[in-house]
Amino acid sequence: MSDKRDYYDVLGVKKDASADEIKKSFRKLAMKYHPDRNPGDKEAEAKFKEVNEAYEVLKDSDKRRRYDQFGHAGVGGSGGGGNPFSGFDGQNIHFDFGGGFGDMGDIFSQFFGGRSATRRRSQGRDVETSVTLTFEESIFGTEKTVAVNSDVTCDRCGGDGAEPGYQQKTCPTCNGSGQEVRTVNSLFGPIQQATTCHTCGGDGKIADKKCDKCGGRGVVRERQEIKLKIPAGVDEGSAIRLSGRGEAIKDGRPGDLYVMIHVRPHKKFTRDGDLILSEEHVSMIDAALGCELDVETVDGPLTMRVPAGTQSGTDFRLSGHGAPRTRGETRGPHIVTIKVDTPTGLTRKQKDLLEQFKQSGRKRFV
């Protein structure tokens, strides 16, 4: 039996989940267990790898179909017992594998661990990176430059793959289909094996002369520096999507770039949605008699009136000094919690005064 968990359980989705639901769940879990957010946590690292493995299968319609039918055995995993091909009559069965068949060991290797023939993707892969902000930058927004290494369209051939002055022609090996199909005999009867065309690499076309810079791929690996405008109010764990700034692909549109947001902890403030929270300490005497208090906010210092008789733990609301709300241009409040400090190291005279107050029978300062 396989010790792998069910991929749907790993991502926390139902077996009939849509592609969007699978993608949304993956991104949430990937951010939760990302090594950058869990440095040195081996368990989180293992979960991150497990989530990625599950997503790599379920995001691909062909792999997902095979997984639904055969389990892990259908996607290169160590599947459970039983024959995944039971129920077929052994005649002209068509399986879509990527490698060639040799002896019987190779056949079972292909059935239980083979990779599928590559199908041309119409969109490049998404790219993910991260950026770290100060607390104030997350509140007010800022501009950052992020650097990513990814495939970009070759500027010599314009993504065509052909050396300038030369043309593309239909691949003579696959006649433009991008695949080669051959029939082999096995214990299950004749099996058609579809593999990526070795001549054109699945393009269906070949250049009279390949581009000298990209070797016919149409893309080259480069480091890009991308200026990014961070909107006001972003929070830890949120992501910014830049459409078309992911990896380029030949004869397709680029993927997207996802920038994950990390916010450094502030020495004084914490955040809860659109609230900014902080604490201020006052002496027992100031709390009893009332005072004016200079309060630090993200907008600078403010003077706040502390009424006489204020109790420790009392919250005061500074409207409009919190984080920007999700919609609109308004901001939430800054909540200041008052902490009353109990005096220590009293002199004999101070103790006598407090004792007199205690004996007066009054239980609260007013």
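How far apart, in nanometres, would the label points at T330 and E45 be if each is projected 7 angstrom from Cα along the Cα-to-Cβ direction?
Here the modelled spin labels are 4.7 nm apart.
Length gain on complete extension for the stretch Q311 to Q359, per 0.36 nm per residue less the alpha carbon to alpha carbon distance?
15.2 nm
Whole-Hz ³J(HN,Hα) for each residue in the stretch 260-268, computed from phi via Karplus 6.51 cos²θ - 1.76 cosθ + 1.60 with θ = phi - 60°, x for glycine and proline: what do you get?
Taking θ as phi minus 60°, the curve returns 7, 9, 10, 10, 5, x, 9, 5, 10 Hz for the stretch 260-268.
Could you order the peptides 46-53, 290-297 from most to least packed, using the average number of other C-beta atoms within 10 Å per residue?
46-53, 290-297
Chymotrypsin sites (Phe, Trp or Tyr not before Pro) within the stretch 265-366: which are DSSP loop residues with at most 10 other Cβ atoms inside 10 Å?
Answer by residue number: there is no such site.
Sticking with the crude label model, points 7 Å out along Cα→Cβ, report the distance from N149 to N38 in nm, one decimal please.
Those two pseudo-labels are separated by 2.5 nm.
Any read-out appearing in this document is the output of simple, stated calculations on the displayed coordinates, not a laboratory observation. All of these numbers come straight from a predicted model, not from anything done at the bench. Cβ atoms come from the backbone with ideal geometry, glycine included; neighbour counts cover every protein chain shown.
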